[in-house]
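Working notes, structure below.
The values are calculated or read from the model by the stated rules, or taken from the named source; none is laboratory data. Since this is a predicted model, take the numbers as computed values, not measurements. Here the Cβ positions follow ideal geometry from the backbone for every residue, glycine too, while neighbour counts run over all protein chains shown.
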Amino acid sequence: MTDERLITSLTNDTVKAVRALHMRKEREATGLFLAEGLKFIGEALDQGRAPRSLLVGMEARPHPLLDRAKAETIRSGGEVVTVTHPILEKISRRDNPQTVLGVFEQAYTPISAITPGSAPCWIALEQVRDPGNLGTIIRTADAAGCGGVILVGDCVDPFSVEAVRATMGSVFAVSISRVSVPEFLAWRHTWPGSVIGTRLDGSVGYRDAAIQSPALILMGNEQAGLTDELAAACDVNVKIPMRGRADSLNLAIATGIMAYAVTDALSPRS
């Protein structure tokens, strides 16, 4: 498509299709997901990911990044659509929606395509349930310089609107893989460095374990933690001490602590 078009009807088929991306079954059926805001669109463009559809509110202010987004969307064969404020509200399910929305193709990295030595640290998550936690972990993995995030077992969808929002754009920069537990356990034996689990009953403190690069950090889900099956597959299980009255940490916080502890431990000292 080479020009922009205008949509004003809330019942338009394009509006219905984009709004349906809030549902996991629709995302899985189409392989698409929704990202909100010009900052997110810019992060995608910087990673070579142009939108399949770019929806721009009639009240959107002129901006060089918006011009670039429109041009790259059209150049890649996508469509640019101008929409009304009520349509933006309907699609985003927010009273104060972003004025620019993008529909993108999902991208998963097959676990067989992972190159462990390309980064000092990787993160694997077992059955993570909360989209906000997952999005925050993806953002933290990006910030800490981790190679990617591997989803093990029945995990929440990383391309849900809530998870994507929490990544703050890092969903376009971080490699994401998903595998079953048996697939992960078979692949884990090919890992050339340390595999580190985190549990309250870990044998050593998280700063005290001997770690070989590249390191793979394995975290359990929010309620049950790391299962015995996956804990047994780790070279070492470490614990983060609870020094106050709280008996556990939020999963995203704990993962961030581990990611920085491991990357700092593996960083060359000057």
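Those residues that are of a type in the set (S, T, Y) and touching a Pro at 6+ places or on another chain (Cβ under 9 Å), I need them from region 67-83; list them, please.
T73, S76
Can you work out which of the residues in region 95-124 that are among the hydrophobic types (A, V, I, L, M, F, W, C) and in contact with a Lys or Arg (Cβ under 7 Å, 6 or more places away or on another chain) is surrounded by the fewest Cβ atoms within 10 Å (Cβ to Cβ)?
For region 95-124, the residue satisfying everything is V103.
If you scan region 187-204, which residues turn out to be touching a strand residue (DSSP E or B) at 6+ places or on another chain (Cβ under 9 Å), more than 14 Å from A259 (Cα to Cα) and not hydroxyl-bearing (S, T, Y)?
W187, R188, W191, G193, R199, L200, D201, G202, V204
Tell me the residue from R139, R129 that is crowded, with 16+ Cβ neighbours inside 10 Å, charged (D, E, K, R) and within 17 Å of the chain's Cα centre (by Cα), please.
After ruling out the rest, the residue left standing is R139.
Taking the options I211, I217, name whichever one is at pLDDT below 95, surrounded by 13 or more Cβ atoms within 10 Å (Cβ to Cβ), on the phi < 0 side of the Ramachandran plot and of a type in the set (A, V, I, L, M, F, W, C).
I211
Give region 133-155 a look and list any residue that's more than 21 Å from E183 (Cβ to Cβ) and either out of contact with any Lys or Arg (no Cβ under 8 Å at 6 or more places or on another chain) or assigned to a strand (DSSP E or B) (or both), or say none.
N133, T136, R139, T140, D142, A143, A144, G145
Any chance you could count how many residues in region 135-167 are closer than 22 Å to H22 by Cα, touching a residue at least 40 places away in the same chain (Cβ under 8 Å) and out of contact with any Ser or Thr (no Cβ under 6 Å at 6 or more places or on another chain)?
The total comes to 7.
Give the residues of region 102-129 that are touching a strand residue (DSSP E or B) at 6+ places or on another chain (Cβ under 6 Å), of a type in the set (V, I, T) and not in a strand (DSSP E or B), sorted by residue number.
The answer is T109, I111, V128.
Under the condition of being out of contact with any strand residue (DSSP E or B) (no Cβ under 9 Å at 6 or more places or on another chain) and within 16 Å of T8 (Cβ to Cβ), which residue from region 64-94 is surrounded by the fewest Cβ atoms within 10 Å (Cβ to Cβ)?
Ranking the candidates gives P86 first.
Name the pairs whose Cβ atoms lie under 6 Å apart, with the first residue in region 40-52 and within 9 Å of S76 (Cβ to Cβ), the second surrounded by fewer than 17 Cβ atoms within 10 Å (Cβ to Cβ) and polar (S, T, N, Q), and 6 or more positions between them or separate chains?
Within 6 Å, the pairs are A50/S76.
Please work out which one of (1) in a helix (DSSP H, G or I); (2) in contact (Cβ under 8 Å) with a residue 24 or more places away in the chain is the condition P182 fails and give its number.
It fails just one condition, (2).
Which one of these is surrounded by 16 or more Cβ atoms within 10 Å (Cβ to Cβ), outside the structural domain of E36 (by TED's automatic domain parsing), β-branched (V, I, T) and under 22 Å from A261 (Cβ atoms): V238, V171?
Sole residue among the options that is surrounded by 16 or more Cβ atoms within 10 Å (Cβ to Cβ), outside the structural domain of E36 (by TED's automatic domain parsing), β-branched (V, I, T) and under 22 Å from A261 (Cβ atoms): V238.
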